[in-house]
Amino acid sequence: MFCDRVADLDAAERARYADLLVLIAAADGELVREEIQLLESFMGRAMVHPEARTSIRQGLFDTNRLSNLLKNAEIETLRYALRDGVLLAAADGDYDRRELRILKKIASSANVEETELKAIFDWVSEGWEWHAKGVKLSKLSARDDSLPE
C-alpha cells in the first residue's frame, strides 16, 4: 500500500503501532468490515507476527491503554500510527468523536501541529476521491455506498 519503513521499526514498535491502530478502530464501539480489512492490512504491512496479532486484537476490548502506548512510543511510530489511523478512522464513512480524540492525542505526542494534522485529514479525503474516480473510470461499483466519493 505505502512505500515506507514501518516494517523496519523494531518488533516492539511495530506492535505498539498496531496497538494504537486497534484503539482507533475500537474507539467508536463498532468494527465494520472496512476497518477490519485495513487493520489487518496495516499489521501485515508492518510485518507484525501472526502470534503478536492475536494478542494485539485482544486490545479491541481494552481501550484504557492509550496513555501507556503514547508515553513509551518513538516519534516515528506515532507518526505512522497517526497517518494510518486517520485513514482507518475514515474507513466507515465518518470520523467518530472518540476516534478524533485518540488521533489528536497521538498527534500531540508526536509533535504534529494542528495544520499538519489537518493536512493528513485532507490527504485521506483526496485519497477517497482518487479511489472513487478509479472505480467510476473502470465502470465498477463501490462495495459500500456510505464511503465518501
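Kindly state, to the nearest 0.05, the FRET efficiency for LYS133 paired with ALA7, given R0 = 41 Å and r defined as their beta-carbon distance. Rounded to the nearest 0.05, the efficiency is 0.90. In this calculation the C-beta distance from ARG97 to SER141 is compared with R0 = 22 Å, giving a FRET efficiency of 0.10.
Here the Karplus relation 6.51 cos²θ - 1.76 cosθ + 1.60, evaluated at θ = phi - 60°, turns the backbone of segment 16-24 into coupling constants of 5, 4, 5, 4, 5, 5, 4, 4, 5 Hz, with x for every Gly and Pro. The string of couplings for segment 124-129 from the Karplus curve (6.51, -1.76, 1.60, θ = phi - 60°) is 4, 4, 5, x, 4, 5 Hz, one whole number per residue in order, with x for Gly and Pro. Packing, as the average of other Cβ atoms within 10 Å across residues, places the peptides 9-19, 126-136 in the order 9-19, 126-136, highest first.
Dimensions of the chain from C-alpha coordinates, computed as largest minus smallest value along each principal axis and given longest first, are 46, 36, 31 Å.
Candidate cross-link partners of LYS118 among the lysines, defined by an alpha-carbon separation under 28 Å and a same-chain spacing of 8 or more, comprise LYS71, LYS104, LYS105, LYS133, LYS136. Applied to segment 67-82, the Karplus parametrisation 6.51 cos²θ - 1.76 cosθ + 1.60 on θ = phi - 60° returns per-residue 3J(HN,Hα) values of 4, 5, 5, 5, 6, 9, 7, 7, 4, 4, 4, 4, 5, 4, 5, 5 Hz, with x for Gly and Pro.
Throughout, read-outs are computed from the coordinates displayed, never taken from laboratory work. Please read all numbers here as calculations on a predicted model, not as lab measurements. Heads up, the Cβs are rebuilt from the backbone with ideal geometry, glycines too, and the neighbour counts pull from every protein chain shown.
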